[in-house]
Each structure stands twice: as structure tokens, then as C-alpha cells.
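Everything on this sheet refers to the single structure shown next.
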Number of protein chains: 2
Amino acid sequence: MSMAEFKGKVKHIQDTPFGYTLSVIGGKWKMVIIYLLAENGPVRFNDLKRQIGVITYKMLSAQLKELEADGMVKRTEYPQVPPKVEYSLTKKAETLLPVLEELCEWGVKNQNPPIT
Amino acid sequence: MSMAEFKGKVKHIQDTPFGYTLSVIGGKWKMVIIYLLAENGPVRFNDLKRQIGVITYKMLSAQLKELEADGMVKRTEYPQVPPKVEYSLTKKAETLLPVLEELCEWGVKNQNPPIT
DNA sequence: CCGAATCCGATAAGATACTG
DNA sequence: CAGTATCTTATCGGATTCGG
């Protein structure tokens, strides 16, 4: 890598705080999962799948694992038969809810806007 | 209108205002594109590609088309050689910027949190 | 030349059967 | 019930090509 290649190099979005936010909530289903966990409290795996509707087991499992790794979702396993696992939001995730509310409000205002 | 007001009323997330918002900005690169257009004003195709860094021509082109179809991005073509096309945000997209700003602030607060 | 479409191999996502 | 394993299908990345 030469000096010339560095010259005028733009800072990549991935390295910004905004990029961090996107890495945490930018997955295809992550905001939906957070939205539903916020509404319906601690919820079991299959319930969550039913609420999302079209997601597959594999995707839900993967997204939950990533959200857990990023400290957004808490996984609670109850040692019983049949197994019971509940997912809920962490405090960190709850600090994001007001912003998601605003995204929701933006949707209300822009989904079927009056023709002006 | 808040997220909580939809509790128990809607079966599928995609039919809610929040689902609409996600359909508009939920694509893999869409928030990044809006963010960069907001910061750097009208910008040309290849400049935008350079700023994003890792995106391919194909993806950038597709995402811009979808954003344009959703009324978020304005495409201005200048009839000259070599071709020049500038992309900029619409007023609709600008109403979303305060929310994106909050997502950015959330990233600032949560990217490298103190160990507690 | 710049913006963008095309072709193709690589990768991610979907469907569903299966296990502890 | 809560996930995995496996196979199929759709999407994406990268190079190349095209059109103005």
C-alpha cells in the first residue's frame, strides 16, 4: 500500500458510531425482534417465531445469537422438560426503544401521506 | 401513535407503520446511503461508492433505485460526456435525519461502554 | 470516461426433517 | 420445545462489458 492510496481517503462508515449501531440492529430481522420483545415482554422461541411469521428457525436462531452477543437480548433457560427458553431485552436494548418509537412514528406519517 | 398502541391489534409486522419504515430504510445499505447523502450533499455515483467503500456497483445501483422509488432519493442526470449523475435526499428523507442522528448518538454511547 | 447492466462462482437464506 | 443438519434456492460479490 502506497502513500498515494491513503491520500484523501474517506473514513469508512463501518468505523463510525453510526456504523456500530447498524452492526447491532442492522440485520434483516433485528429491529423486528427488538420491537416484538419490547411489546410482548419475555417470550419463548416458538412464540417469537410465530409473531414474526415468515422467519425461519435458522435465521431466528442466528439473529438472536448475534443480538445476545451484542448485549441486546437476554436468554433465560429453564431446566425443565419440555425445554423452556425465554428471550427478553437488556437495559442496553431498552435505551434504543425511544428511537424505534420515532421510526414507527415516521412510518405513520409517511406510509400513506396526504396528496398535497 | 406509539409502538405500544399496536399491541394485540396487528398480526404481521410488515403491515404496521414500523414495518413500512423498515421496508424503506431496512435494506442492507440504505441507512448508510441516506447518512452519507445527508453529510455530503448531492454526490455522484462513484463518489458515493468510494465513501461506502465495500459496496459493489450492482448493490449501490439497486439500492439507489429502491430509495428513489420510495421517494427518499432524487436522481439528477446531466446530459454531458462523460456522464454525470447526482444523488441527493428528498424532503421526505430529510424528515428522517433527526432519527438517524439519534441512532448515531446511541452508537456513541454504546460502542465502547465502561466496564461495570 | 462514468454509470450501470451482465455473467458466473461464492455465499446466504429458505424449507423441512431430525435430535436432545 | 428449542434448536440443528441438510439440502435446495435465492441473493450477492467481482470481473467484465456495454452504452452514451
Please compute, for peptide B:98-106, the average count of beta-carbon atoms on other protein chains lying within 10 Å of each residue's beta-carbon. 6
Which value, to two decimals, describes the C-alpha radius of gyration of the range A:7-116 once divided by 2.2 N^0.38 Å? 1.28
Neighbouring partner chain Cβ atoms per residue of A:49-62, average, 10 Å criterion: 1
Shielding score for A:20-31, defined as the mean number of other chain Cβ atoms within 10 Å: 5
With a 27 Å threshold on alpha-carbon distance, the violating pairs from B:LYS58/B:LYS109; A:LYS91/B:LYS65; A:LYS65/A:LYS109; A:LYS49/B:LYS65; B:LYS58/B:LYS84 are B:LYS58/B:LYS109; A:LYS91/B:LYS65; A:LYS65/A:LYS109; A:LYS49/B:LYS65
Check the straight Cα-Cα distances from B:LYS92 and name the aspartates and glutamates below 15 Å, setting aside those fewer than 8 residues away within the same chain. A:GLU102, A:GLU105, B:GLU66, B:GLU68, B:ASP70
Label distances, nm, A:GLU94 versus same residue in remaining copies, Cβ-directed 7 Å point: 3.8
When the convex hull of the Cα atoms of the protein assembly as shown is projected onto a plane and the area is averaged over all directions, what value comes out in nm²? 16.9
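All of the numbers you see were taken from the coordinates with simple rules; none came from a lab. Note that this is a predicted model, so its numbers are computed, not measured. FYI the Cβ positions are ideal-geometry reconstructions off the backbone, even for glycines, and counts take in every protein chain you see.
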